[in-house]
Amino acid sequence: MQARILLIGKRGQVGWELQRALLPLGTVYAPDRSECDLANTQSIRAVVDKVKPQFIVNAAAYTAVDAAEHDADRAFIVNAIAPGLLAQEAGRHGALVIHYSTDYVFDGHAAGFHNEQSVTSPKSVYGSSKLAGEVAIRESGAAYVIFRTSWVFGFWGNNFLKTILRLATERDELRVVVDQIGAPTSAALIADVTAHTIRELVNGRKSFSSGIFHLAAAGETSWYEYAQYILEAARAAGRPLRLHPQALIPISSVEYPTPAVRPLNSRLDTSKLRTSFGVHLPHWTIPINHVMQQVCDR
Ligand SMILES: NC(=O)c1ccc[n+]([C@@H]2O[C@H](COP(=O)([O-])OP(=O)(O)OC[C@H]3O[C@@H](n4cnc5c(N)ncnc54)[C@H](OP(=O)(O)O)[C@@H]3O)[C@@H](O)[C@H]2O)c1
């Protein structure tokens, strides 16, 4: 099997891991932003025409959630118009699009885990732009897989885990939100599941219908408990910290206002992905230990 894959967004958390995970599948062409800028429709068409991929994996996005509140035009261009155009181009070439979306398409008011049929009702510009991207891909007519994921972290890039580790060397006390619930999901896991899915599709082991699949680690936690776990894992890995885990203070979202409203309940039901592609999703703590080792060994 030799798939021809176009990867957009190779320098993001997920894109970085995709550069590794997609390699065994065939030829991966991964342009940087100077060659493929999602804000530039010409560059999107040019790169798809040049590569003539069988799969387009789009890991690029406008991910600055708070900044998007005052930069809606750009967020919609990158997160909605560009994915729609990429999918139209994929359709022209008979390629399948793999794209990533977010728990922020939900308002987070419902109880329990959201499945792929749960009603979407984003409360932020970022969430609205990502939902518009899902719709644009669906309406393009191209074959597609959209993975909705949550609370992404990894060794590469910026994320909550690395922010907590930095603040833990600077602060004696830290206030962290306790009433938002979700599952931290590692970029490496997302990339590996993406590669597994492509392999299943290429090998024809899966009768396929385009759709959305929730992809998040198993279990659930709050940002506060997640921060506690990070500090304890860092201490266990021998990293010197100023902040003691007991100096973490749980606060409510109301006490930590941000420009963009975040969902209180970000839990994603992943049973469709598990039954469709036979994927085992580990508990959220397991990949954290792995990334922690990488960070602490630097
Ligand atoms: N981070 C999370 O917690 C989270 C949660 C749920 C879903 N997601 C989704 O998962 C996917 C991957 O997220 P991530 O955390 O890996 O993102 P990330 O680390 O913020 O990386 C985003 C990437 O998009 C690229 N990009 C931004 N604007 C672009 C443009 N106009 N043209 C081309 N490339 C552009 C960036 O390029 P530069 O490096 O050049 O800036 C960067 O490489 C996204 O679809 C995101 O919405 C993320």
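Before moving on, here are some points about what is shown:
- Out of Ala195, Ala168, sole residue that is within 16 Å of the ligand (Cβ to nearest atom), closer than 27 Å to Gln294 by Cβ and touching a residue at least 12 places away in the same chain (Cβ under 8 Å): Ala195
- Criterion: part of a helix (DSSP H, G or I) and without any contact (Cβ under 8 Å) to a residue 60 or more places away in the chain - qualifying residue of Leu201, Leu131, Leu161: Leu131
- In the range 1-35, the residues that are modelled with pLDDT of 95 or more and among the aliphatic types (A, V, I, L, M): Ile5, Leu6, Leu7, Ile8, Val14, Leu18, Ala21, Leu22, Leu23, Leu25, Val28, Ala30
- Which listed residue, of Ile190, Ile230, Ile249, is closer than 24 Å to His99 by Cα and either touching a strand residue (DSSP E or B) at 6+ places or on another chain (Cβ under 6 Å) or in a helix (DSSP H, G or I) (or both): Ile190
- Exclusive hit being near the ligand (Cβ under 8 Å from one of its atoms), open to solvent by less than 50 Å² (accessible area, probe 1.4 Å) and within 21 Å of Gly91 (Cβ to Cβ), set Asn58, Asn40: Asn58
- Among the candidates Ala260, Ala218, Ala237, residue that is touching a residue at least 12 places away in the same chain (Cβ under 8 Å) and open to solvent by less than 30 Å² (accessible area, probe 1.4 Å): Ala260
- Ala111 vs. criteria modelled with pLDDT under 95 and within 24 Å of Thr185 (Cβ to Cβ): yes
- Taking the range 193-211 as the range and being out of contact with any strand residue (DSSP E or B) (no Cβ under 8 Å at 6 or more places or on another chain) and not aliphatic (A, V, I, L, M) as the test, the residues that pass are His196, Arg199, Glu200, Asn203, Gly204, Arg205, Lys206, Ser207, Ser209.
- Test for Ala64: is it within 11 Å of the ligand (Cβ to nearest atom) and open to solvent by less than 60 Å² (accessible area, probe 1.4 Å): yes
- Scanning the range 27-36 for residues that are within 8 Å of the ligand (Cβ to nearest atom) and over 17 Å from His99 (Cβ atoms) yields Asp32, Arg33.
- The number of residues in the range 120-130 that are within 24 Å of Leu281 (Cα to Cα) and open to solvent by 30 Å² or more (accessible area, probe 1.4 Å) comes to 1.
- Residue in the range 11-26 that is acidic (Asp, Glu), open to solvent by 20 Å² or more (accessible area, probe 1.4 Å) and away from the ligand (no atom under 11 Å from the Cβ) present: no
- The range 90-101, subset open to solvent by 10 Å² or more (accessible area, probe 1.4 Å) and of a type outside the set (Lys, Arg), residue farthest from Arg267 (Cα to Cα): His93
The values are calculated or read from the model by the stated rules, or taken from the named source; none is laboratory data. Everything quoted here is computed from the prediction, not taken from an experiment. Cβ: placed from backbone, ideal geometry, glycine included. Neighbour counts: every protein chain shown. These area figures cover heavy atoms from the full protein model, side chains too; ligands, DNA and RNA do not enter into them. Shrake-Rupley method; radii C 1.70, N 1.55, O 1.52, S 1.80 Å.
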